[in-house]
Amino acid sequence: MLRNSINVKKMNSRKKILSVATIIILIIIGFGLVKFGFREISRSQSSCGDYGFINTPCSQLPTIAGAEKVLNEHKSKVNQIKNVNPNFITVEVQESNNCAGKGIILISHPSENDCDSLKKILGKNFWGIPYKIINN
């Protein structure tokens, strides 16, 4: 009788350990799915990438006025960008989130199909100004 009672206790202990291990595994999988979901949201907001913008020190970014001046000096390139998908692409100067008073070029487009064409036209930066392409 004593042996049966010890065996039952061992089985209950193993069930508890198995239950806790299962819960931990489910939590880890859940965190992984949430992280993946946030990564996908991030990709859709910045669909073609932040070319030239990542790791650019604030000291190397132009002022907002300077960025607008460069944008105005290169109207033909802006028109070439907009013509990738006429009436649906915008090109404008945006203040950097990390560098107050500094500007970057923001290009908004409606379709992932535009990315390759936009990247070919833009290259690494827009006359020294980092840019960000977002899918709107």
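The values are calculated or read from the model by the stated rules, or taken from the named source; none is laboratory data. Computed from a prediction, not measured in an experiment: that's the story for all the values here. Every residue, glycine as well, gets a Cβ built from its backbone with ideal geometry; the counts of neighbours run over all protein chains shown.
Taken together, the residues in the range 73-99 that are farther than 17 Å from LEU61 by Cα and out of contact with any Lys or Arg (no Cβ under 6 Å at 6 or more places or on another chain) amount to 18. The set of residues in the range 42-77 being of a type in the set (S, T, N, Q), closer than 12 Å to LYS132 by Cβ and at pLDDT below 65 consists of GLN45, SER46, SER47.
Here GLN80 fits the description: assigned to a helix (DSSP H, G or I), in contact (Cβ under 8 Å) with a residue 24 or more places away in the chain and over 14 Å from GLY128 (Cα atoms).
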